[in-house]
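Mind looking over this structure? Questions follow.
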Amino acid sequence: DAKTTQPNSMESNEEEPVHLPCNHSTISGTDYIHWYRQLPSQGPEYVIHGLTSNVNNRMASLAIAEDRKSSTLILHRATLRDAAVYYCIRGSGNTGKLIFGQGTTLQVKP
Amino acid sequence: DAGVIQSPRHEVTEMGQEVTLRCKPISGHDYLFWYRQTMMRGLELLIYFNNNVPIDDSGMPEDRFSAKMPNASFSTLKIQPSEPRDSAVYFCASSLGTKPNSPLHFGNGTRLTVT
């Protein structure tokens, strides 16, 4: 049970921002929100994670709702290389154990 | 940093044969995870280790599957005997558990085909 809900697929145009939503309405107070992506024929790749505050790194931004029941991964300027499956995951504790759901397949059109 | 190294990249075997998948985690990482990916079931966590000790093997599908971590730099996932339904991509990942919510680093996987 991944305990997160994401749209199956999304489309974006190249060089435009992309907002990938995730619902995690049953999240506990100590669960972090993790995002990974998987490019074709590769293993999943870490993107970003956060607990309560919005987070930014060189790859993306993570906007977390105030009630923490949802979050949004933001790719500021999509490129063709960003076409991948994006996974939103709830992670608990320090074990690092992550349960992946089905993710969102992002298509980027030139 | 060479990343997580898995071997072989591809394995084709006949039903009933023993299959051994290998993983070398990133040096210094103390957690190691084995995942399996299929179209039908997505990414499934099979087992994970902390400091070479198996912590949770509840995802291991059957007794035909076994995993070992004899030292900090090597782990194996063995299937004996293999069956066609074991065909999947098997990923190994490692992380530094002393840092809370440390990212998982995945290898490029082993694509297993059992005929």
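The values are calculated or read from the model by the stated rules, or taken from the named source; none is laboratory data. Being a predicted model, the structure only gives us computed values, none of them experimental. With ideal geometry, Cβ positions are generated from the backbone for all residues, glycine too; neighbour counts draw on all protein chains shown.
Of the residues A:19, A:24, A:49, which is at pLDDT below 95, touching a strand residue (DSSP E or B) at 6+ places or on another chain (Cβ under 6 Å) and away from chain B (no Cβ under 14 Å)? Lay out the reasoning, then the answer.
Working: A:19 fails: at pLDDT below 95; A:49 fails: away from chain B (no Cβ under 14 Å).
Result: A:24 is the single residue among A:19, A:24, A:49 that is at pLDDT below 95, touching a strand residue (DSSP E or B) at 6+ places or on another chain (Cβ under 6 Å) and away from chain B (no Cβ under 14 Å).
Given A:20, A:106, which one is in contact (Cβ under 8 Å) with a residue 60 or more places away in the chain, assigned to a strand (DSSP E or B) and touching an Asp or Glu at 6+ places or on another chain (Cβ under 7 Å)?
Among A:20, A:106, only A:106 is in contact (Cβ under 8 Å) with a residue 60 or more places away in the chain, assigned to a strand (DSSP E or B) and touching an Asp or Glu at 6+ places or on another chain (Cβ under 7 Å).
Moving to a separate point now. Restricting attention to the stretch B:20-54, which residues are more than 23 Å from residue A:38 (Cβ to Cβ) and either part of a strand (DSSP E or B) or touching a Pro at 6+ places or on another chain (Cβ under 8 Å) (or both)?
The first filter runs over the stretch B:20-54 and keeps only residues more than 23 Å from residue A:38 (Cβ to Cβ), leaving B:20, B:27-28, B:30, B:50-54.
B:20, B:50, B:52, B:53, B:54, listed by residue number.
Quick grid of which residues meet (1) within 21 Å of residue B:113 (Cα to Cα); (2) of a type in the set (Gly, Ala, Ser):
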| position | (1), (2) |
| --- | --- |
| B:4 | no, no |
| B:10 | yes, no |
| B:16 | yes, yes |
| B:50 | no, no |
| B:62 | yes, no |
| B:68 | no, no |
| B:83 | yes, no |
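Related question: Would you mind finding the one in B:85, B:111 that is of a type in the set (Lys, Arg), in a helix (DSSP H, G or I) and more than 8 Å from every other protein chain (Cβ to nearest Cβ)?
Matching residue, one of B:85, B:111: B:85.
Still on this structure, please answer the following. Can you work out which of the residues in the stretch B:56-82 that are part of a strand (DSSP E or B) and among the hydroxyl-bearing types (Ser, Thr, Tyr) is farthest from the other protein chains (Cβ to nearest Cβ)?
The residue in question is B:66.
Among the listed residues A:90, A:81, which satisfies the condition of being within 14 Å of the chain's Cα centre (by Cα) and charged (D, E, K, R)?
Values: A:81 fails: within 14 Å of the chain's Cα centre (by Cα).
Being within 14 Å of the chain's Cα centre (by Cα) and charged (D, E, K, R) holds for just one of A:90, A:81, which is A:90.
Within the stretch A:47-94, how many residues turn out to be of a type in the set (S, T, N, Q), within 17 Å of residue A:106 (Cα to Cα) and part of a strand (DSSP E or B)?
Residues in the stretch A:47-94 being of a type in the set (S, T, N, Q), within 17 Å of residue A:106 (Cα to Cα) and part of a strand (DSSP E or B): 3 in total.
Return the total of residues in the stretch B:8-48 being surrounded by 13 or more Cβ atoms within 10 Å (Cβ to Cβ) and of a type in the set (Gly, Ala, Ser).
Total satisfying the criteria: 1.
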